[in-house]
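A.B. asks: Please read through the structure below; I'll follow up with questions.
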């Protein structure tokens with residue numbers, strides 16, 4: 001009896017906990033400006049209702065990184081890695097996976113747990129590498145970059161399975177007389193998926209930003225070995241603009257810096273204790289904006305046999321926010337416009353495009369299931385019963401769908417530049433209308449500068465010298 | 001905080017204390033009560049995960065130290081050579097504390113009495129500071145003796161990970177070299193290879 005009471009109490013406890021306070025996607029993305037940022041971070045840290053969600057830890061990790069708390073950010077990334085590791089090492093026939101698959105196939109897309117898409121799994125390691133780098137641990141950063149590549153292998157095999165599943169679902173749907181090859185005209189993402197930036201992408205998980213950064217980090221961590229060469233070649237094959245990342249100081253600039261100074265009388269003087277080389281390597285990483293947030297879009301249509309209706313629900317995206325269109329870096333000798341190597345929105349749309357046939361097939365099956373239930377309710381309880389059944393299913397699936405979230409605070413853009421400058425020089429970074437300046441140290445080989453552009457009024461610049 | 005959340009928290013606290021009272025026979029922090037903490041054999045094989053673990057650390061240090069001590073540059077040296085152990089590069093997919101490897105090897109080598117160790121380059125400044133406190137005049141010869149090593153030991157840890165639907169395979173390779181810093185000649189090199197395989201269960205939660 002006591003045990004039963006405990007089980008009931010525990011169930012009640014769990015039910016209550018599910019409804020404990022959490023920040024929804026829209027509120028989170030709207031609360032990132034400078035005056036609200038700290039409060040949002042505190043609230044997110046205190047939110048216990050979503051701590052078993054992959055996306056929760058990723059959102060928290062980005063906020064902590066943008067707050068300069070790199071150690072906490074590493075801890076949060078590790079939590080998300082643990083969730084993903086557990087998912088990747090599940091049994092071949094996992095009851096949870098089967099349940100999730102059935103739930104999403106028959107009832108609601110929101111019944112699926114979100115374990116991230118290929119680009120998110122790649123970028124979580126890339127951003128974590130930056131955490132290690134900003135703490136001066138470049139070897140740790142290079143470990144993260146290798147993990148990034150490792151993680152892609154599982155995504156590939158998972159994607160292969162999804163393609164197989166999609167083909168089976170499509171064949172099944174077509175057998176039942178449903179057309180799953182045509183995207184519904186009401187679907188808001190139709191045009192976006194055909195955008196040139198999406199069509200140009202080689203795949204949905206590899207980005208030139210991560211590979212270029214990997215190459216730079218390897219060259220800092222292991223300067224005597226050419227470990228970054230392969231990464232750089234991959235980056236170049238994904239986007240030829242990668243070649244614009246690396247800029248050398250003109251020979252005349254260094255010659256002028258180290259040349260003996262000419263005195264007023266025209267005689268050559270010796271510069272006071274001139275160092276052998278006054279050049280240093282500067283790497284500037286700008287992570288800007290927030291990536292598209294996933295939503296479940298419902299395309300409702302009435303059923304011919306009464307007042308009841310059903311809906312096709314498909315994943316869609318809200319547009320990216322707080323992004324910048326151009327970055328300019330200026331030193332005394334150089335004026336650079338680093339290429340936008342990370343285009344998260346394009347990767348998100350490409351993933352959706354690649355998965356759309358499978359999603360459409362599942363959506364048709366769900367819509368059919370709901371239609372059958374609504375028709376049975378209509379047959380037994382009349383048109384009002386059918387309508388009530390339709391409404392109940394609509395509201396129920398909408399509630400479940402609201403919990404289906406992605407990494408909403410993933411940067412939407414990544415700009416990268418590695419250039420030479422003179423020690424002690426000041427350079428400026430201009431992002432849209434905001435200009436920030438940075439003075440270089442005088443006794444180091446190089447500096448890595450991380451610019452976290454969260455909103456137009458919330459920009460943080462951190463650096464580490466090596 | 002909403003009323004609902006407050007109610008949720010209050011319920012949580014009440015129910016937690018209720019449930020705890022029924023199942024707890026002794027907390028981990030209670031002296032004298034039975035806890036979940038037990039002492040294990042430090043040398044026993046650790047197979048909690050396929051990551052680089054204590055067993056790998058021990059076997060690596062054991063194998064490489066033994067091999068180094070048997071090399072003619074150490075075994076047949078007329079007097080114990082001065083050695084500096086550099087950091088082992090971590091080229092794996094894990095955040096391995098490679099200092100634990102070098103520390104263990106250093107201890108084993110020192111215990112053998114066949115080599116003498118110089119402070120790490122990273123720690124040399126601290127050693128210098130200490131000398132300044134105790135010695136007012138440091139001769140160039142003494143300084144040279146502190147910085148000049150007969151040999152340098154370097155190393156790398158690498159790993160290859162492969163996985164399919166049924167299993168995961170991790171291969172570790174820990175390699176070390178003994179280098180003459182004057183000539184750059186590699187005098188000794190050896191490696192320790194470790195392979196770990198984890199199988200996925202067919203059916204599970």
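A.B. asks: Hey, any hits in the range A:279-286 for a residue that's in contact with a helix residue (DSSP H, G or I) (Cβ under 6 Å, 6 or more places away or on another chain), surrounded by 18 or more Cβ atoms within 10 Å (Cβ to Cβ) and at pLDDT 95 or above?
C.D. replies: Yes, because at least one residue in the range A:279-286 is in contact with a helix residue (DSSP H, G or I) (Cβ under 6 Å, 6 or more places away or on another chain), surrounded by 18 or more Cβ atoms within 10 Å (Cβ to Cβ) and at pLDDT 95 or above.
Results for (1) modelled with pLDDT of 90 or more; (2) part of a loop (DSSP other than H, G, I, E, B); (3) surrounded by fewer than 18 Cβ atoms within 10 Å (Cβ to Cβ), shown as yes or no for each residue.
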| site | (1), (2), (3) |
| --- | --- |
| A:301 | no, no, yes |
| A:310 | no, no, no |
| A:338 | yes, yes, no |
| A:364 | no, no, no |
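A.B. asks: Given the conditions (1) surrounded by 17 or more Cβ atoms within 10 Å (Cβ to Cβ); (2) within 13 Å of another protein chain (Cβ to nearest Cβ); (3) on the phi > 0 side of the Ramachandran plot, and given that residue A:129 satisfies all but one, which numbered condition is not satisfied?
C.D. replies: Here residue A:129 meets the rest and fails (3).
A.B. asks: Taking the range A:44-83 only, how many residues are assigned to a helix (DSSP H, G or I), surrounded by 15 or more Cβ atoms within 10 Å (Cβ to Cβ) and either touching a helix residue (DSSP H, G or I) at 6+ places or on another chain (Cβ under 6 Å) or modelled with pLDDT under 95 (or both)?
C.D. replies: Adding up the residues that qualify gives 18.
A.B. asks: Look through A:142, A:108, A:113, A:104 and report the one residue that is within 14 Å of chain B (Cβ to nearest Cβ), within 27 Å of the chain's Cα centre (by Cα), more than 20 Å from residue A:214 (Cβ to Cβ) and touching a residue at least 40 places away in the same chain (Cβ under 8 Å).
C.D. replies: A:113
A.B. asks: Right, another one. Given the conditions (1) touching a helix residue (DSSP H, G or I) at 6+ places or on another chain (Cβ under 7 Å); (2) within 28 Å of residue A:318 (Cβ to Cβ); (3) within 12 Å of chain B (Cβ to nearest Cβ), which single one is not true for residue A:183?
C.D. replies: The one condition residue A:183 does not meet is (3).
A.B. asks: What is the residue count in the range B:147-177 for residues that are farther than 18 Å from residue B:53 by Cβ and facing chain A (nearest Cβ under 10 Å)?
C.D. replies: 6
A.B. asks: Being in contact (Cβ under 8 Å) with a residue 24 or more places away in the chain and more than 14 Å from every other protein chain (Cβ to nearest Cβ) is the filter here; which residues of the range B:192-205 pass it?
C.D. replies: B:192, B:194, B:195
A.B. asks: So, restricting to strands (runs of 3 or more DSSP E) that lie completely within the range A:411-454, which ones have at least 1 residues that are at negative phi and in contact with a helix residue (DSSP H, G or I) (Cβ under 9 Å, 6 or more places away or on another chain)?
C.D. replies: The qualifying strands (runs of 3 or more DSSP E) are A:413-422.
A.B. asks: What are the residues in the range B:74-113 that are outside any helix (DSSP H, G or I), farther than 30 Å from residue A:147 by Cβ, in contact (Cβ under 8 Å) with a residue 12 or more places away in the chain and out of contact with any strand residue (DSSP E or B) (no Cβ under 7 Å at 6 or more places or on another chain), if any?
C.D. replies: B:77, B:113
The values are calculated or read from the model by the stated rules, or taken from the named source; none is laboratory data. Just so it is clear, the model here is predicted, and its values are computed rather than measured. A quick note on method: Cβ atoms are made from the backbone with ideal geometry, for glycine too, and the neighbour counts reach across all protein chains shown.
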